[in-house]
Amino acid sequence: MELLVFLGLIGMELVAVTSAPLPAPHLSLMTSGAIYMGQEIQLQCTAPENYPEGTFHLYSHSTGEQLQTAQAPETKNSVMFTIQSSYAMKSIECFCKYQCYVGNEIQVSEVSNVLSVTINVPVWVFVVVGLVGLLILVASVLVTVYLLRRNKKKKQEERDKDSIWIDQQMTPDWSDGNHNMVYDANSVSKTDISNTYLSNVDSQMESRSPVPFSSFRT
């Protein structure tokens, strides 16, 4: 009796080892048109028609990681997988497999074709990036102009502080208290300055009181 059980176990192992895998399914992209970042991606994994109600698995081709699992409805031989693309994705590559009962045993299929999907950058991303770049440029220009004006003003204040100014009380005829005239070098000629100077000297001489002249020294 024990010998029969032992032979039965060996036979089951031989059947499991020698049984061929099921035919490979087909993985297809169901989302139409261009695919953009943040968009849902619909993938369909389809087994041959004579293998319905299977359990389907979706894998990442680059890492071999199992991404999703789905059970086919009754009498159906395909399932739909939905992948949410992220803004970090540039492309995805996937494949799928299925398993189902063949008699009383569960058998696994070959891997499907590798499906590569390219993910595009939306137009609004370029617009936002352009606007941000423009704002940064304008802000940089404004900051540069402000700094230049502030430095210029600071230097002017330092020059004014280091300069020596003489406070003079000017009379309405543009002369100071000592009868010294102030002229604009761009609007008055040398002749005008000389004539005015001589007139000023004559008026000072006339205003002096006469001093008696004596030939005798005391």
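The values are calculated or read from the model by the stated rules, or taken from the named source; none is laboratory data. Just so you know, these numbers come straight off a predicted model, no measurement behind them. Cβ placement follows ideal geometry from the backbone for every residue including glycine, while neighbour counts extend to all protein chains displayed. Calculation scope for accessible area: heavy atoms of the full protein, side chains included, ligands and nucleic acids excluded. Shrake-Rupley method; radii C 1.70, N 1.55, O 1.52, S 1.80 Å.
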Taking only protein heavy atoms into account and a 1.4 Å probe, give the accessible area per residue of the stretch 37-117 in Å². 57 Å²
Given 0.36 nm per residue, what is the gain on full extension from residue 150 to residue 120 after removing their alpha carbon distance, in nm? 6.1 nm
Among the lysines, which have Cα under 22 Å from the Cα of residue 76 when same-chain residues fewer than 8 positions away are ignored? 97
Points 7 angstrom from Cα along the Cβ direction at residue 50 and residue 82: gap in nanometres? 3.5 nm
Distance (nanometres) between label positions extended 7 Å along Cα→Cβ at residue 160 and residue 40: 6.9 nm
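Restricting to Cα atoms and excluding each atom paired with itself, what does the Kirkwood estimate give for the stretch 22-99 in Å?
Radius from the Kirkwood sum: 13.1 Å.
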Using alpha-carbon coordinates alone, the radius of gyration and Dmax of the stretch 55-158 in Å work out to 28.5, 99
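At a threshold of 8 angstrom on Cα-Cα distance, excluding pairs fewer than six apart, so keeping six or more, what relative contact order does the stretch 33-143 reach in percent? Could the numbers behind the result be given before it?
Working: 186 pairs, mean separation 31.3, N = 111.
Relative contact order here is 28 percent.
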